[in-house]
Amino acid sequence: MNLQNLTPAKGSVKKGKRIARGQGSGHGGTSTRGHKGAKSRSGYKTKVGFEGGQMPLQRRVPKFGFKNINRVEYKAINLDIIQSLIERKNISDINPEVLRENGLVSRNELVKILGRGELKSKVNITAHKFSSTAKTVIEEKGGNCSEI
């Protein structure tokens, strides 16, 4: 066996259809495109979402709402989560880096401390925002709230 006598397996290679090469080919005349109409012409292309003249879905459904481009989104961390973190890791100072290390927030997320749950020990918390209830609970226990 040499390079010059290598061939594909029998029946694995087929000749392509020769469309629009005369009546003798079996694909002459209208060249498998049917009769008349836009689809039979060269350069035919439909618009995205075209539904054959029916009112397209994106025009049938009404527009509503808007996206506020100035919205600031915070990752909410409640006091009960902070309490469980204090009990597990024995931490007295909590900041976004500590929360990131423990998998509670991701890298560029802003942190807001909310007041759900109970705080049993004194803790110093540094975050981007605090709810009023969370702030009062932390300061009642002798802790400190500092905003970044």
- [ ] Check Ser106 against each of (1) closer than 15 Å to Glu73 by Cβ; (2) buried (at least 17 other Cβ atoms within 10 Å of the Cβ) and name the one condition it does not meet.
- [x] (2)
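Which of the residues belonging to segment 121-148 are outside any loop (DSSP other than H, G, I, E, B) and surrounded by 15 or more Cβ atoms within 10 Å (Cβ to Cβ)? Before you say what the answer is, go through the steps one by one.
Residues of segment 121-148 outside any loop (DSSP other than H, G, I, E, B): 124-127, 129-130, 132-140, 144-147.
Hits for segment 121-148 are Asn124, Ile125, Thr126, Ala127, Lys129, Phe130, Ala134, Lys135, Val137, Ile138, Cys145.
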TODO: Being out of contact with any Lys or Arg (no Cβ under 9 Å at 6 or more places or on another chain) and either part of a loop (DSSP other than H, G, I, E, B) or among the aromatic types (Phe, Trp, Tyr) (or both) is the filter here, so list the residues in segment 73-120 that pass it.
DONE: Glu73, Asn90, Ile91, Asn95, Gly103, Asn108, Arg116, Gly117, Glu118
Open item on the list: List the residue pairs whose Cβ atoms are under 9 Å apart, where the first residue sits in segment 60-87 and is aromatic (Phe, Trp, Tyr), the second is surrounded by fewer than 15 Cβ atoms within 10 Å (Cβ to Cβ), and the two are 6 or more positions apart or on different chains.
Closed with: Tyr74/Leu110
TODO: Take the residues in segment 21-46 that are outside any loop (DSSP other than H, G, I, E, B) and among the small types (Gly, Ala, Ser), then tell me which one is farthest from the chain's Cα centre (by Cα).
DONE: Gly24
Task: segment 19-57: number of residues that are surrounded by 10 or more Cβ atoms within 10 Å (Cβ to Cβ) and not basic (Lys, Arg) - done: 17
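Coordinate-derived values only; no laboratory data. Predicted model only: the values in this text are computed from it and were never measured. Don't worry about glycine lacking a Cβ; one is built from the backbone with ideal geometry, like all the others, and counts go over all protein chains shown.
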